[in-house]
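Undergrad: Would you mind keeping the following structure in view while I ask a few things?
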Amino acid sequence: MPVQQLADRIILKHPKGSSAEILLYGATVISWKAADERHAGPFERLFVSSKASLDASKPVRGGIPIVFPCFGAPTHADHSRLSQHGFARSEAWEWDGTVMDNEAGVSVRLTLEPTPKIRAVYSKPFHLSYVVTLAEHQLSTDLHVKNTSTSTDYPPDILEFQALFHNYIRAPASEVLIHPLQNLKYLDKTDSVFQGLKTETRDGVDVRKMTDSVYEDAPQNYEVTWPGGGLALRSVNLKDVVTWNPQAEAGSKIGDMEEGGWERYVCLEPGFVRGFERLEPGRTWIGQQVLSVIHKERRMNL
């Protein structure tokens with residue numbers, strides 16, 4: 001299967017018609033097209049704002065940005081000089097070749113290591129490896145985080161970080177339902193005053209109003225459905241999940257959000273963001289997600 005390398009991006013194509021595009025800037029997946037049983041051919045599964053910058057001037061508004069090593073505004077002392085969501089989504093990654101190319105699918109790998117720019121704001125040693133795999137009806141993203149310090153360092157140089165896949169799923173926001181989040185504890189970031197974690201009571205979670213919720217210890221297996229469409233999302237080592245849609249209340253204030261863009265996506269974001277993953281010298285952590293097409297329309301009652 002062809003892997004096309006352009007100056008600023010990698011394009012993956014599957015013989016059955018599915019495709020994906022990955023920018024070298026931020027290693028951001030900006031397109032994933034896949035078919036299902038209800039449509040004649042592959043169509044776009046991700047939302048990217050028409051006002052998004054794709055010229056490496058700022059993080060991409062849409063697609064699948066990578067959040068590392070902090071989620072939101074930094075709260076860890078090691079991250080104090082970082083901007084919101086860290087630096088992985090706003091650095092140029094290196095092409096590291098094709099990992100797999102067979103009938104099942106095609107995988108490519110990009111890498112990121114400390115640069116002078118990164119070292120100016122972040123002193124921890126690390127190596128990031130990002131593997132994107134395209135199959136006929138699936139897209140997988142795997143983030144490998146290695147603590148490149150050695151065990152002979154004293155005291156040990158522990159890498160503490162957060163990581164998340166910021167998926168912008170193309171969908172009618174007013175009709176989306178997300179399962180199964182019922183009974184989970186979550187932080188409601190739309191509350192102006194923190195009054196403790198809430199408990200999700202809804203069978204199917206919607207985003208018809210401004211939503212920014214961080215669910216703890218989530219099942220790592222979800223479905224996002226709407227009339228005529230749906231995606232399943234499975235994750236590994238990403239114990240939390242975020243649901244986000246700014247609606248007009250906040251979306252209209254986002255400079256690189258197209259008018260009404262908030263009506264055309266829902267963000268379902270698996271991550272390790274409540275607390276910090278702790279990585280010993282020489283060790284590697286892997287966070288994975290698999291997005292899969294739901295072929296037949298259904299509404300789950302879980």
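The values are calculated or read from the model by the stated rules, or taken from the named source; none is laboratory data. For clarity, every value in this text was computed on a predicted model and none was experimentally measured. In this analysis, Cβ positions are derived from the backbone assuming ideal geometry, glycine residues included, and neighbour counts consider all displayed protein chains. The area values use the complete protein model at the heavy-atom level, side chains included, leaving out ligands, DNA and RNA. Shrake-Rupley method; radii C 1.70, N 1.55, O 1.52, S 1.80 Å.
Undergrad: Show the residues, 5+ positions off or on another chain, whose built amide H is closer than 5 Å to the amide H of Phe68.
TA: Under 5 Å from the amide H of Phe68: Phe87, Ala88, Arg89.
Undergrad: At a 1.4 Å probe, what is the % contribution of carbon and sulfur to the accessible area of segment 53-109?
TA: Taking all protein chains in place, segment 53-109 shows 45 percent carbon and sulfur surface.
Undergrad: Counting only helical runs of four or more DSSP H residues, what would the 222 nm mean residue ellipticity of the chain come to if each run contributes -39,500 (n - 2.57) and the total is spread over all its residues?
TA: That calculation yields -500 deg cm²/dmol at 222 nm.
Undergrad: Follow-up. How much area per residue is accessible in the chain when the probe is 1.4 Å and only protein heavy atoms are counted (Å²)?
TA: Per-residue value: 44 Å².
Undergrad: Additional query: Which of Glu249, Glu258, Glu160 ends up with the largest GNM mean-square fluctuation for the chain, with Cα atoms connected below 10 Å?
TA: Glu249
Undergrad: Here's something else I'd like to know. Given the pairs Lys51/Lys189; Lys33/Lys58; Lys146/Lys198; Lys117/Lys253, which are separated by over 31 angstrom at their Cα positions?
TA: From Lys51/Lys189; Lys33/Lys58; Lys146/Lys198; Lys117/Lys253, over 31 Å: Lys146/Lys198.
Undergrad: Zone of Ala73 (label point 7 Å along Cα→Cβ, backbone N under 16 Å): which residues in segment 182-224?
TA: 188-195
Undergrad: Most mobile of Pro155, Pro180, Pro270 per a Gaussian network model of the chain (Cα springs, under 10 Å)?
TA: Most flexible of the set in this elastic network: Pro155.
Undergrad: How many angstrom lie between the C-alpha centres of segment 149-181 and segment 100-138?
TA: 14 Å
Undergrad: Give, as a single signed number, the net charge of other residues whose beta carbon lies under 12 Å from the beta carbon of Lys198, with Lys and Arg counted +1 and Asp and Glu -1.
TA: -1
Undergrad: Ranking request for peptides 53-60, 38-45: highest mean number of other beta-carbon atoms within 10 Å first, then the rest in descending order.
TA: Answer by packing, highest mean first, reads 53-60, 38-45.
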